[in-house]
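Trainee: Have a look at the structure that comes next, please.
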């Protein structure tokens, strides 16, 4: 019996002002974007928080995820060199593009 692994696994960690959406990919190709189902920000009740994306993946996957989480308060991408996440889009004056959200790295 062949075990089929999912294309991408998501893990959500909710904090006070933001949600970390971590992902791990097995193998992925651009056409897989049609079938990826990231955690829904509305169903997950974090539409009024920021979202930090974390994981190793191609730039086009990050583009897809940033667009997907656009309705949230702000979106940032984790950078382990900074031990924080860089805000790449924002709908609030409390968080500006280019700001670094400090966070402890567990990776």
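Trainee: Order the peptides 81-92, 48-59 from the highest to the lowest mean number of other Cβ atoms within 10 Å of their residues.
Mentor: Highest to lowest by the protection proxy: 48-59, 81-92.
Trainee: Taking 35 Å as R0, compute the FRET efficiency from the Cβ-Cβ separation of residue 81 and residue 31 and round it to 0.05.
Mentor: 0.65
Trainee: Now for a separate question. Relative to the longest principal axis of the chain, what angle (0 to 90°, nearest 10) does the C-alpha long axis of helix 59-68 take?
Mentor: 60
Trainee: Please find, in a Gaussian network model of the chain (springs between Cα atoms separated by less than 10 Å), the residue of 32, 79, 94 whose mean-square fluctuation is greatest.
Mentor: 94
Trainee: Can I ask one more? Considering Cα pairs under 8 angstrom that are at least six residues apart, work out the relative contact order of the chain and quote it in whole percent.
Mentor: 19
Just so you know, all these numbers are worked out from the coordinates, no wet-lab data involved. Just so we're clear, the structure is a prediction, and the values are computed from it rather than from any experiment. Reconstructed Cβ throughout: ideal geometry from the backbone, glycine too, with neighbour counts over all protein chains shown.
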